[in-house]
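Engineer: First the structure, which I've put down as structure tokens, then a few questions once you've had a look.
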Amino acid sequence: MKKEDFDHKMSSMLEKIGNDNSNLILDDVAVFIDNNDKMNEEIEKKNNEIKELQKRNETLQRVNGNLLQQVGNIDQTANENKNVKNAIDEGKPVFNMRDVFDKNGNFKFNL
């Protein structure tokens, strides 16, 4: 229960009981109010922690996704390097000159 709602209900209850009887239970009411305030503070603290952890989780997921993409590229590059090494060991040419030029005879910048 929010503090405003709690205070309103407590005031309403104290009005119904009357001044004489309310003085007898005022200590108990003070305990309720104090505990309610502590509970609301704890809930707010936990909500802030949850928001922070959710942001951190989203960041970690994004970073891990990027890392997984890089691992895939590293594996592909490692396989290509292995193929080049095998070609060199076998005395075969590493690349074909036709692969360096496009159909119009222009040099390809991105192989």
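Engineer: Can you find even one residue in segment 60-79 that is closer than 27 Å to Glu4 by Cβ, at pLDDT 80 or above and part of a helix (DSSP H, G or I)?
Structural biologist: no
Engineer: With respect to the numbered conditions (1) loosely packed, with under 10 Cβ neighbours inside 10 Å; (2) part of a helix (DSSP H, G or I); (3) at pLDDT below 80; (4) of a type outside the set (Phe, Trp, Tyr), which one is the sole condition not fulfilled by Glu4?
Structural biologist: Here Glu4 clears every test but (3).
Engineer: Restricting the first residue to segment 85-111 and requiring it to be among the basic types (Lys, Arg) and loosely packed, with under 10 Cβ neighbours inside 10 Å, which pairs with a second residue that is at pLDDT below 75 and assigned to a loop (DSSP other than H, G, I, E, B) meet a Cβ separation below 7 Å and a spacing of at least six or different chains?
Structural biologist: Filtered contacts from segment 85-111: no entries.
The values are calculated or read from the model by the stated rules, or taken from the named source; none is laboratory data. Remember, it's a predicted structure, so these values are computed and weren't measured experimentally. Please note: Cβ atoms are built from the backbone with ideal geometry, for glycine as well, and neighbour counts cover all protein chains shown.
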